[in-house]
Ligand SMILES: NC(=O)c1ccc[n+]([C@@H]2O[C@H](COP(=O)([O-])OP(=O)(O)OC[C@H]3O[C@@H](n4cnc5c(N)ncnc54)[C@H](O)[C@@H]3O)[C@@H](O)[C@H]2O)c1
């Protein structure tokens with residue numbers, strides 16, 4: 001686990017995590033509970049097809065407050081933001097393909113709901129610190145590598161456009177209203193508690209599932225694209241570090257990952273670690289080809305020089321931990337509905 005002793009700033013503080021039943025949000029909630037003395041509230045609406053899963057908070061369920069509700073509802077969010085010290089704003093839609101198939105839904109989740117949160121903060125908690133999770137995708141096809149924060153932005157899909165707009169909302173509300181926001185541009189993140197029910201959210205999670213099932217890992221365009229990946233615990237450390245740093249306010253940071261790896265090599269590594277699975281190369285399906293960005297990886301130099309953060313978990317170690325997690329908890333992640341759609345039985349606590 002990570003070095004929580006570095007994050008004593010959070011002790012005695014009140015923290016809201018939007019999207020806190022999802023992959024990254026639930027790992028963050030667990031880290032905050034582990035610090036001890038942190039008042040943690042999770043807001044999540046368990047959006048169908050996304051990573052929200054009640055099993056993600058198994059073991060800490062009685063140590064967090066849970067609100068199953070939509071961040072886009074101002075009656076809910078107005079009530080939640082008052083008195084909170086930190087908001088880790090992770091609620092949003094991750095899928096690039098879904099955003100192209102249903103752009104208006106992506107607009108609701110990645111823009112309208114973000115503005116609803118920021119408006120609530122402006123009215124009821126204008127000095128709150130917000131840590132927003134953006135994405136490396138906003139750069140589009142790289143002009144040079146590794147991507148740094150000065151690289152031009154040209155989102156290749158609707159999701160990227162909306163995440164960029166949401167970043168800008170957060171930065172604008174800082175300049176105009178003094179809300180203390182910071183934006184982190186995450187790269188492909190993997191680890192325990194990630195959705196692996198379908199292949200539209202994360203290719204890494206999907207590869208892991210295929211390998212564990214002894215299935216076929218499909219590589220589009222021969223899998224020659226190189227990407228950087230981050231293990232989720234490293235991303236949590238970056239989020240906590242950015243939250244604790246005053247100098248980070250008003251800034252955007254890339255969370256560049258470990259050494260870039262070709263997707264074909266990632267597939268081979270998973271096959272070797274699980275002892276199962278095979279690879280098949282296919283031409284890109286047209287809907288993926290049109291939003292493909294080729295080699296893409298980013299530099300973590302800016303955040304490293306400010307907070308000292310860098311990814312510490314090697315890809316191999318991260319994959320081993322992830323596979324072990326899913327071997328133990330398979331029932332809660334392999335089949336839809338077991339944990340995601342039991343929300344009707346969940347009440348606010
Ligand atoms: N996972 C990655 O590789 C990655 C990469 C770049 C950026 N990000 C960003 O990190 C954040 C978290 O990603 P994740 O991988 O944990 O996704 P996830 O799908 O596992 O979690 C997102 C959670 O947000 C919730 N949610 C969405 N809209 C909501 C709303 N309006 N109200 C309440 N809850 C809502 C969903 O129900 C889900 O539980 C997202 O904003 C995503 O854009 C993730």
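The values are calculated or read from the model by the stated rules, or taken from the named source; none is laboratory data. These numbers come from a predicted model, not from an experiment. Counting neighbours? That spans all protein chains shown, and the Cβs are built from the backbone with ideal geometry, glycine included.
Suppose we keep only residues that are outside any loop (DSSP other than H, G, I, E, B) and out of contact with any helix residue (DSSP H, G or I) (no Cβ under 9 Å at 6 or more places or on another chain) within the stretch 136-172. Which one would you say is nearest to the ligand (Cβ to nearest atom)? Across the stretch 136-172, the extreme among qualifying residues is 136. Looking only at the stretch 178-189, decide whether some residue is away from the ligand (no atom under 14 Å from the Cβ), on the phi > 0 side of the Ramachandran plot, surrounded by fewer than 22 Cβ atoms within 10 Å (Cβ to Cβ) and outside any strand (DSSP E or B). Yes, the stretch 178-189 contains at least one residue that is away from the ligand (no atom under 14 Å from the Cβ), on the phi > 0 side of the Ramachandran plot, surrounded by fewer than 22 Cβ atoms within 10 Å (Cβ to Cβ) and outside any strand (DSSP E or B). What about residue 222, is it modelled with pLDDT under 95, more than 12 Å from the ligand (Cβ to nearest atom) and either out of contact with any strand residue (DSSP E or B) (no Cβ under 6 Å at 6 or more places or on another chain) or outside any loop (DSSP other than H, G, I, E, B) (or both)? Yes, satisfied.
Only helices (runs of 4 or more DSSP H) whose full extent lies in the stretch 262-326 are considered here, and the ones with at least 1 residues that are over 20 Å from residue 23 (Cβ atoms), within 20 Å of the chain's Cα centre (by Cα) and without any contact (Cβ under 8 Å) to a residue 24 or more places away in the chain are 301-307. Exactly one residue among 75, 133 is crowded, with 18+ Cβ neighbours inside 10 Å and either in a helix (DSSP H, G or I) or touching a residue at least 60 places away in the same chain (Cβ under 8 Å) (or both), and that residue is 133. Would you confirm whether any residue within the stretch 106-126 is part of a loop (DSSP other than H, G, I, E, B), surrounded by 21 or more Cβ atoms within 10 Å (Cβ to Cβ) and at pLDDT 95 or above? The answer is no; no qualifying residue exists. It is to be established whether one or more residues within the stretch 248-256 are within 25 Å of residue 333 (Cβ to Cβ) and either surrounded by fewer than 23 Cβ atoms within 10 Å (Cβ to Cβ) or modelled with pLDDT of 95 or more (or both). Yes: the stretch 248-256 contains one or more residues that are within 25 Å of residue 333 (Cβ to Cβ) and either surrounded by fewer than 23 Cβ atoms within 10 Å (Cβ to Cβ) or modelled with pLDDT of 95 or more (or both). Of the numbered criteria (1) in a helix (DSSP H, G or I); (2) in contact (Cβ under 8 Å) with a residue 12 or more places away in the chain; (3) within 15 Å of the ligand (Cβ to nearest atom), the one residue 175 fails is (3).
Would you confirm, using the coordinates I've provided, whether residue 86 is within 19 Å of the chain's Cα centre (by Cα) and more than 14 Å from the ligand (Cβ to nearest atom)? Yes.
Cβ separations smaller than 9 Å between residues 6+ apart or across chains give the following pairs from the stretch 238-255 residues that are under 13 Å from residue 133 (Cα atoms) to residues that are part of a loop (DSSP other than H, G, I, E, B) and at pLDDT below 95: 240/2. Scanning the stretch 20-51 for residues that are within 12 Å of residue 64 (Cα to Cα), within 11 Å of the ligand (Cβ to nearest atom) and part of a loop (DSSP other than H, G, I, E, B) turns up 20, 21.
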